[in-house]
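The values are calculated or read from the model by the stated rules, or taken from the named source; none is laboratory data. The structure displayed is predicted, hence computed values, not measured ones. Here the Cβ positions follow ideal geometry from the backbone for every residue, glycine too, while neighbour counts run over all protein chains shown. Just so you know, the surface numbers come from the protein's heavy atoms only, side chains and all, with ligands and any DNA or RNA stripped out. Shrake-Rupley method; radii C 1.70, N 1.55, O 1.52, S 1.80 Å.
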Amino acid sequence: MKNTIVKICGWTLLCCSFTASAAIVDFQVVLSSSGDADGYGNATLSIDDQALTASWNFSVYNIELPLTAAHIHVGAAGTNGPLVVNFGDQLSGANLYDVDLASVLLNPSNYYINLHNSTYPSGIGALRGQLGSPVPVPAALPLLLSGLGMFAWTRKRRMK
C-alpha cells in the first residue's frame, strides 16, 4: 500500500513539473532609442502559451509621454515589419488575448516591441526592443527533481 502511495505521489510531482513550466513564458526586453535619441527603458512581457494572453509592463525614460501606441512587430533586428500584437497606448496591462502570440512564441527573436509617442507616432517609433530568449522559470525544476527522487527511492527500496 505504501509503495502505491509513493508511486502516485511521484507521478503527480512529475506531471505537475511539466504543466507548471508550460503555461507562462517570460521575456525581459531592453528598450533602446529608435527615434528618440536619449530615450531608453525595459519591458517585461509574460505570455500564457495555452490561453494566448499577454501581460506587460514598460518602464521608459527620457521620452515624451503619454504613449500613442505600443506593439509587437514581426521583423529581425534592424528591420521594420508589420504589426502583430497591439497593446494600445498602455504602459502596462494584463490578459490581452491575441492568437498571434502563438507565432511570437515559435520564434521570439524574430519579433520586436515598438513604442510610439506624439513625437514619433509612426515608422520607427520612440523606443524599440528585440525579443530574445525567454527567461527560464526555475519553479518547475524542484518539482521534476522531487518526482524523480520519489521513483529512485521506490526502486531502491524494492531492490532491498
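What to note about this one:
- All other residues whose Cβ lies under 15 angstrom from that of Val74 are scored, Lys and Arg at +1 and Asp and Glu at -1, for a net of -1.
- Close amide H partners of Leu31, meaning residues 5 or more places away or on another chain with modelled amide H under 5 Å apart, are Gly41, Asn42, Ala43.
- The portion of the accessible surface of segment 45-126 made up by carbon and sulfur, rounded to a whole percent, is 52 (1.4 Å probe; DNA, RNA and ligands excluded).
- Global geometry of segment 60-104, whether rounded, prolate or oblate, following the gyration tensor of its Cα atoms and the 1.5 cut on a/c: oblate
- Positive minus negative residues near Ile24 (Lys, Arg vs Asp, Glu; Cβ under 13 Å): -3
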